[in-house]
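As structure tokens, the structure follows; a few thoughts come after it.
The values are calculated or read from the model by the stated rules, or taken from the named source; none is laboratory data. All of these numbers come straight from a predicted model, not from anything done at the bench. As a convention, Cβ positions derive from the backbone with ideal geometry for all residues, glycine included, and neighbour counts pool all protein chains shown.
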Amino acid sequence: MKEAKATEPSAVKALLAQALADLLAPLQKALPVGEHKPTVMMIAGVNGAGKTTSIGKLTWHLSHQGSSVLLAAADTFRAAAKEQLAVWANRNNVEIVSQEGADPAAVAFDAVTAGKARGRDVVMVDTAGRLPTQLHLMEEIAKIKRVITKADATAPHETLLVIDGNTGQNALAQVKAFDQALQLTGLIITKLDGTAKGGVLAAIALWAREQAEKKQTQPMAVYFIGVGEKLEDLETFDALEFAQALIG
């Protein structure tokens, strides 16, 4: 404020939005599709975060960019999860790989194998929603990742976590726990059409920067934000736009 000689509230807000945008900028990155065929994406998240809905929206987004998508119903933990994913598959007119009462890792393996055989551009694996405190379930999700690698030595190419933008510090705890189990590459932030605007993303950005410095890697990306119920209500993350909306 002193440097810019800002005294008007609007000028101070603009400075704050720019500072926040600078913090979030390393997280802004386009989802890479096409380097591998298929690009295998593993999608994780706690129940209620909007994981399966986000998969449906992401399928729509990728299909409209010309990518062929295959879905894998590896969420065999939650009642009707397979049916919910099947609805999204039908809405997007894409194929789905599922098995009755099957081991989720086996479903993931079959889907990656099928994606390769059918020449699909993207395979998206829906995994069971779970809390990071449920250690046996976190071990199971890590197993799914290992089995995907058996089906394709380079996969999964993206390991994404869906988090509810309204959950505050709990969202940061989820990111830390899932990253420890799966080594996340990116995030999808949902439910940003509500009153809470996802300010926890600033804390996540600080943590991601610290982790990247330790590992000497790029910080994980925020690929998309969910801003509504419709299929097209999944927007690519823009740090400046997000910061301006957050500051209001």
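Tabulated results
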| quantity | calculated |
| --- | --- |
| Test for Ala142: is it without any contact (Cβ under 8 Å) to a residue 60 or more places away in the chain, crowded, with 19+ Cβ neighbours inside 10 Å and touching a Leu at 6+ places or on another chain (Cβ under 9 Å) | no |
| Selection count where residues are within 14 Å of Leu172 (Cβ to Cβ), under 15 Å from the mean Cα position of the chain (by Cα) and β-branched (Val, Ile, Thr), scope the range 184-222 | 3 |
| Near pairs, Cβ below 8 angstrom, 6+ apart or cross-chain, from the range 12-38 (touching a residue at least 24 places away in the same chain (Cβ under 8 Å) and over 16 Å from Gly186 (Cα atoms)) to any residue that is among the basic types (Lys, Arg) and not in a helix (DSSP H, G or I) | Lys37/Arg120; Pro38/Arg120 |
| Residue list for the range 56-73, restricted to those being in contact with a Leu (Cβ under 7 Å, 6 or more places away or on another chain), among the hydrophobic types (A, V, I, L, M, F, W, C) and either surrounded by 24 or more Cβ atoms within 10 Å (Cβ to Cβ) or assigned to a strand (DSSP E or B) (or both) | Leu58, Val69, Leu71, Ala73 |
| Only one of Asp121, Asp179 that is modelled with pLDDT of 95 or more and under 27 Å from Ser67 (Cβ atoms) | Asp121 |
| Residue count for the range 177-194, restricted to those that are farther than 22 Å from Thr217 by Cα and either part of a loop (DSSP other than H, G, I, E, B) or out of contact with any helix residue (DSSP H, G or I) (no Cβ under 7 Å at 6 or more places or on another chain) (or both) | 4 |
| Selection status of Phe109, modelled with pLDDT under 95 and in a helix (DSSP H, G or I) | no |
| In the range 90-131, the residues that are farther than 13 Å from Ala155 by Cβ, buried (at least 19 other Cβ atoms within 10 Å of the Cβ) and either under 18 Å from the mean Cα position of the chain (by Cα) or acidic (Asp, Glu) (or both) | Asp121, Asp126, Thr127, Ala128, Gly129, Arg130 |
| Near pairs, Cβ below 7 angstrom, 6+ apart or cross-chain, from the range 177-206 (over 10 Å from Leu161 (Cβ atoms)) to any residue that is acidic (Asp, Glu) and crowded, with 20+ Cβ neighbours inside 10 Å | Thr190/Asp164; Lys191/Asp164 |
| Sole residue being of a type outside the set (D, E, K, R), surrounded by 14 or more Cβ atoms within 10 Å (Cβ to Cβ) and touching a Pro at 6+ places or on another chain (Cβ under 9 Å), chosen from Ala151, Ala208, Ala202 | Ala208 |
| Restricting the range 147-176 to residues that are at pLDDT 95 or above and in a helix (DSSP H, G or I), the residue that is farthest from Gly119 (Cα to Cα) | Val147 |
| The range 3-33, residues that are under 18 Å from the mean Cα position of the chain (by Cα) and either modelled with pLDDT under 90 or part of a loop (DSSP other than H, G, I, E, B) (or both) | Lys29, Ala30, Leu31, Pro32, Val33 |
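Results for (1) of a type in the set (A, V, I, L, M, F, W, C); (2) surrounded by 22 or more Cβ atoms within 10 Å (Cβ to Cβ); (3) under 23 Å from Leu16 (Cα atoms), shown as yes or no for each residue.
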| position | (1), (2), (3) |
| --- | --- |
| Ala155 | yes, yes, no |
| Gln169 | no, no, yes |
| Phe178 | yes, yes, no |
| Leu184 | yes, no, no |
| Ile188 | yes, yes, no |
| Lys214 | no, no, no |
| Thr236 | no, no, yes |
| Glu241 | no, no, yes |
| Gly248 | no, no, yes |
